[in-house]
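The values are calculated or read from the model by the stated rules, or taken from the named source; none is laboratory data. Small disclaimer: the values here were computed from a predicted structure and weren't measured. When we count neighbours, we look across all protein chains shown, and the Cβ atoms used for this are built from the backbone with ideal geometry, even at glycine. Protein only, heavy atoms only, side chains kept; ligands, DNA and RNA dropped before computing areas. Shrake-Rupley method; radii C 1.70, N 1.55, O 1.52, S 1.80 Å.
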Amino acid sequence: MADFLAVHSVHEFVFSVPDLAQARHFYTSFGLEVREEGPGLALYTQGHPHRWARILPGTAKRLLWVSYGIHAADQARFAQHLAALEIPRIAPCEGAGGVWIAGPDRLPLQLVVAEKSSPSAPVPRVMPPQTGSAGRALNRSAIQPIAPLHLSHILMFSANVVEAVQFYTTVLGLRLSDSSGPVIGFMHSPHGSDHHLIALALSGGGGLHHSSWTVPSLDAVGLGAQQMAQAGYAQGWGLGRHVLGSNYFRYVRDPWGSYAEYSFDIDYIPAGMEWPSADHPIEDSLYTWGPPPPDDFVTNFELTV
């Protein structure tokens, strides 16, 4: 048993949209496997059994709840931990499984015993050979559809990033990887995860800014951007590279003003590692290189409806 108590994964995130057919087209074009389940849609990555997200019908796009995975051996310890902190239980958003509590910005959170779905090792990087007797670029005629490997992280809005970071640290056991003042914070799991399992950005309230999906190469980021443009989703940000997390990115704007991100080569923090967390200048909070982000990139459109 680990000498720390923490969630190990974003088990699932759930949000609503006003048009499920539009959501199906967007995420299928993105390269995810979209299945009809119950009243909504479920998001899978091809060849992976885990359900990463669900999309339910609603009057507007809105983050509804987030489920975090815990190890079975930690279940009793978490119950004692929540009781010691006097964290009240809330009514389940669905079913009767897991433990439900209110998180920052009144976001319902579920703690559920589940297998670890966040990566337990860095994802192998696919790189072109350094030299060759023929061209090293992929033939355009040989391009295959881009299909992400797994969920890397989600970025949520918060009315108070500092207080939200404190909650996720104290209550869920996550650790701060890096931050930029009260504007943005990136958090990882001490069980081993990407540089950020979740990130928090300052806004007037809660919401989902983007979900990030791992691809195995820089070519896959570029080809994903091309794939989405051909499907009618040319708006977004990138290609570029982040400072905090180090990953290469392309954000694709969805029909509701939020984003899905193709991510390659993000920093990985192994289980138990003490990451040198730091507070960075605001200019380092977004990117090292790439085009400027759209003017409304950090607008929380969930507050406008």
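Here are some notes:
- Rolling a 1.4 angstrom probe over the chain with all protein chains present gives an accessible area of which 55% lies on carbon and sulfur atoms.
- The relative contact order of the range 1-127 comes to 29 percent, based on Cα pairs under 8 Å that sit 6 or more residues apart.
- Computed on the range 47-194, with alpha-carbon pairs under 8 angstrom and 6+ residues apart, the relative contact order is 22 percent.
- Across the chain, C-alpha contacts under 8 Å between residues 6 or more apart give a mean separation that, scaled by the residue count, equals a relative contact order of 18 percent.
- Estimated from helices alone, the mean residue ellipticity of the chain at 222 nm is -4500 deg cm²/dmol (sum of -39500 (n - 2.57) over DSSP H runs with n ≥ 4, per residue).
- Folded to 0 to 90 degrees: helix 161-170 orientation relative to the chain principal axis, Cα: 60 degrees
- Cα gyration tensor shape for the range 151-204, rounded if a/c is under 1.5, else prolate or oblate: prolate
- Simple point charges give the picture: +1 on the Cβ of Lys and Arg, -1 on the Cβ of Asp and Glu, and for the chain a dipole about the Cα centre of about 640 debye.
- Taking the C-alpha atoms of the range 195-305, convex hull volume expressed per residue in Å³: 114 Å³
- For the chain: accessible area per residue (Å², 1.4 Å): 44 Å²
- Once the convex hull of all Cα atoms in the chain is built, its volume per residue stands at 143 Å³.
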